[in-house]
Amino acid sequence: MNKEVNYINQIGMGVDQHGHNDDCTNAAIKAIKNAISNNCLTGLSEIYDLKKPNDLLRMKVHVKIGLPYPENINEKKVLKAIPFGEKSIEFVKGGLVAQGIMIKELGDTSDKIIVCNAAVNVSIKEL
């Protein structure tokens with residue numbers, strides 16, 4: 001029987017201060033990195049005997065991202081922010097748009113600040 005055990009849930013936030021034509025990709029990647037950089041999966045490899053690189057595929061990493069423009073996201077790029085495991089992602093309308101400033105020299109396309117939130121869940125398939 002292959003049972004799946006929830007190991008950790010972590011929340012992160014990412015901000016893109018440059019608008020980028022309402023593309024939420026940069027803010028979503030930052031939100032995932034923020035979430036995963038605030039935890040350490042201590043003991044995971046010992047508890048579940050994850051000794052070989054392929055063993056890490058027993059980890060299931062699901063990310064739910066709240067973003068203001070779900071239609072403007074590069075899913076492939078965002079998935080690369082998850083370092084290993086069996087990856088899945090879900091996008092929901094959310095996040096935040098705030099007014100900032102537009103500096104063309106920085107490549108800004110608007111004065112929008114895009115904020116995304118990520119909930120990262122790591123579970124393990126028990127053998």
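The values are calculated or read from the model by the stated rules, or taken from the named source; none is laboratory data. Everything numeric here is computed off the predicted structure, so don't read it as measured data. Neighbour counts are summed over all protein chains in view; Cβ atoms, including those assigned to glycine, are modelled from backbone coordinates with ideal geometry.
Here are the numbers for this structure:
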read-out: Selection within the range 32-55 - of a type in the set (A, V, I, L, M), within 30 Å of Ile73 (Cα to Cα) and at pLDDT below 80; value: Leu41
read-out: Any hit, the range 57-67, residues being assigned to a helix (DSSP H, G or I) and within 12 Å of Val122 (Cα to Cα); value: yes
read-out: The lone exception for Lys112 - which of (1) of a type in the set (D, E, K, R); (2) surrounded by fewer than 13 Cβ atoms within 10 Å (Cβ to Cβ); (3) touching a helix residue (DSSP H, G or I) at 6+ places or on another chain (Cβ under 9 Å); (4) over 19 Å from Gln10 (Cβ atoms) it fails; value: (2)
read-out: Matching entry among Asn9, Asn39 (being in contact with a strand residue (DSSP E or B) (Cβ under 9 Å, 6 or more places away or on another chain), within 17 Å of Val120 (Cβ to Cβ) and without any contact (Cβ under 8 Å) to a residue 40 or more places away in the chain); value: Asn39
read-out: Residues of the range 14-55 that turn out to be in a loop (DSSP other than H, G, I, E, B), among the hydrophobic types (A, V, I, L, M, F, W, C) and under 30 Å from Met102 (Cβ atoms), as a count; value: 1
read-out: Conditions (1) closer than 17 Å to Ile113 by Cβ; (2) polar (S, T, N, Q); (3) surrounded by 13 or more Cβ atoms within 10 Å (Cβ to Cβ); number of the one not met by Gln99; value: (3)
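Results for (1) of a type in the set (A, V, I, L, M); (2) surrounded by 16 or more Cβ atoms within 10 Å (Cβ to Cβ), shown as yes or no for each residue.
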{"position": "Gly43", "(1), (2)": "no, no"}
{"position": "Ile47", "(1), (2)": "yes, no"}
{"position": "Leu50", "(1), (2)": "yes, yes"}
{"position": "Leu57", "(1), (2)": "yes, no"}
{"position": "Phe84", "(1), (2)": "no, no"}
{"position": "Lys87", "(1), (2)": "no, yes"}
{"position": "Glu90", "(1), (2)": "no, no"}
{"position": "Gly95", "(1), (2)": "no, yes"}
